[in-house]
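Undergrad: Could you have a look at this structure, given as structure tokens, before my questions?
The values are calculated or read from the model by the stated rules, or taken from the named source; none is laboratory data. What you see is a predicted model; the values in this text were computed from it and never measured. Here Cβ is always computed from backbone atoms with ideal geometry, including for glycine, and neighbour counts include all displayed protein chains.
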Amino acid sequence: MTVTGRIHSVETCGTLDGPGLRFVIFTQGCPLRCLYCHNPDCREVTGGTEITVDELITEILKYKNYIKNGGVTISGGEPMLQPEFVREVFRKCKKNGIHTALDTSGFTTIELVKPVLEFTDLVLLDIKSFIPETYRKVTSKDLEPTLKLARYLHEIHKPTWVRFVLVPDLTDADENIRGLADFVATLDNIERLEVLPFHQMGSYKWEELGYDYALKETPPASPTQVSNTINIFKAKGVPVFAGAAIAL
Ligand code: SF4
């Protein structure tokens, strides 16, 4: 059976989404509406390009030598809108000895994600806030599915990196960061937590698409704000790093 998926684009030598040099696939379609989204053109499930797993694997294998110390990351959009496609791509990557990483918001169910995790080496879990009201304000969705996935990944000892976007006046409340730090400190599968400073580099895409960009006036997260946030995580014993200024 030929499995197909819808993708927005690929990046052949990415360095921001998991360890080493990676072939990154951005899937099309996302149920969230993050205020700071860098890829608002990934939202609609009907957009993007249809591709078969085999076509994608042929493309990936052209870069096998470059990504031998990295691997393949499937990001989005939200990859878990296409679990069968992601599973099949990862299954074939593993067959070819390629490391696999799933970048997800966690807005899914354990039932859907289980078969995908069978062929996933690393999960990049974006926890966009810890206070449920803030999470809803940022994403328009509920936080609980993400926390449920985080707990499940801990239970099955799946290596996981947590990513948190620091947005001034939105996600930077002390209570929000401390809550996330306390939660992550209870999970022993977390290899690292990346604090990603908000910036305005994606705003032009919102304008091009005619979407209303609510963070127009929001300043970028300053180095001091980033280091204060890092210190909160450090104090809880979380392996924290300052990530590149991207907003997932
Ligand atoms: S930031 Fe990621 S999860 Fe949020 S809307 Fe954009 S693609 Fe979806």
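Undergrad: Yes or no: D182 closer than 17 Å to K234 by Cβ, at pLDDT 95 or above and part of a loop (DSSP other than H, G, I, E, B)?
TA: no
Undergrad: Is it the case, given these coordinates, that T108 is within 16 Å of the ligand (Cβ to nearest atom) and surrounded by fewer than 24 Cβ atoms within 10 Å (Cβ to Cβ)?
TA: Against the criterion (within 16 Å of the ligand (Cβ to nearest atom) and surrounded by fewer than 24 Cβ atoms within 10 Å (Cβ to Cβ)), T108 qualifies.
Undergrad: Restricting to segment 39-69, count the residues that are assigned to a loop (DSSP other than H, G, I, E, B), surrounded by fewer than 18 Cβ atoms within 10 Å (Cβ to Cβ) and within 22 Å of the chain's Cα centre (by Cα).
TA: Count: 6.
Undergrad: Here's another thing I want to ask about it. Which count do you get for residues in segment 2-26 that are away from the ligand (no atom under 13 Å from the Cβ), part of a loop (DSSP other than H, G, I, E, B) and at negative phi?
TA: Qualifying residue count for the region: 6.
Undergrad: Looking only at segment 208-225, which residues are in contact with a Leu (Cβ under 9 Å, 6 or more places away or on another chain) and surrounded by fewer than 18 Cβ atoms within 10 Å (Cβ to Cβ)?
TA: Residue satisfying the conditions is A214 alone.
Undergrad: When the residues of segment 74-99 are filtered to those that are polar (S, T, N, Q) and crowded, with 24+ Cβ neighbours inside 10 Å, which remaining residue is nearest to the ligand (Cβ to nearest atom)?
TA: Per the criteria, the residue is S75.
Undergrad: Could you list, ordered by first residue, the pairs with Cβ atoms under 6 Å in which the first is in segment 37-58 and closer than 27 Å to M201 by Cβ and of a type in the set (D, E, K, R) and the second is at pLDDT 95 or above and within 16 Å of the ligand (Cβ to nearest atom), at least 6 apart or interchain?
TA: R43/C30
Undergrad: Tally up the residues in segment 27-61 that are of a type in the set (A, V, I, L, M, F, W, C), over 23 Å from D142 (Cα atoms) and either in contact with a Gly (Cβ under 9 Å, 6 or more places away or on another chain) or within 12 Å of the ligand (Cβ to nearest atom) (or both), please.
TA: 3
Undergrad: Another question about this same structure. (1) touching a residue at least 40 places away in the same chain (Cβ under 8 Å); (2) within 19 Å of A244 (Cα to Cα); (3) in contact with a Gly (Cβ under 7 Å, 6 or more places away or on another chain): which one isn't true of L125, the others all being true?
TA: It fails just one condition, (1).
Undergrad: Okay, moving on. Only one of (1) more than 18 Å from G106 (Cα to Cα); (2) modelled with pLDDT of 95 or more; (3) among the basic types (K, R) fails for K216. Which number is that?
TA: Every condition holds for K216 apart from (2).
Undergrad: Any residue at all in segment 221-237 that's more than 16 Å from the ligand (Cβ to nearest atom), without any contact (Cβ under 8 Å) to a residue 40 or more places away in the chain and in contact with a Ser or Thr (Cβ under 9 Å, 6 or more places away or on another chain)?
TA: Scanning segment 221-237, I find no residue that is more than 16 Å from the ligand (Cβ to nearest atom), without any contact (Cβ under 8 Å) to a residue 40 or more places away in the chain and in contact with a Ser or Thr (Cβ under 9 Å, 6 or more places away or on another chain), so the answer is no.
Undergrad: Can you say whether E88 is among the acidic types (D, E) and either under 26 Å from V10 (Cβ atoms) or assigned to a loop (DSSP other than H, G, I, E, B) (or both), as far as the supplied structure shows?
TA: So E88 passes the test.
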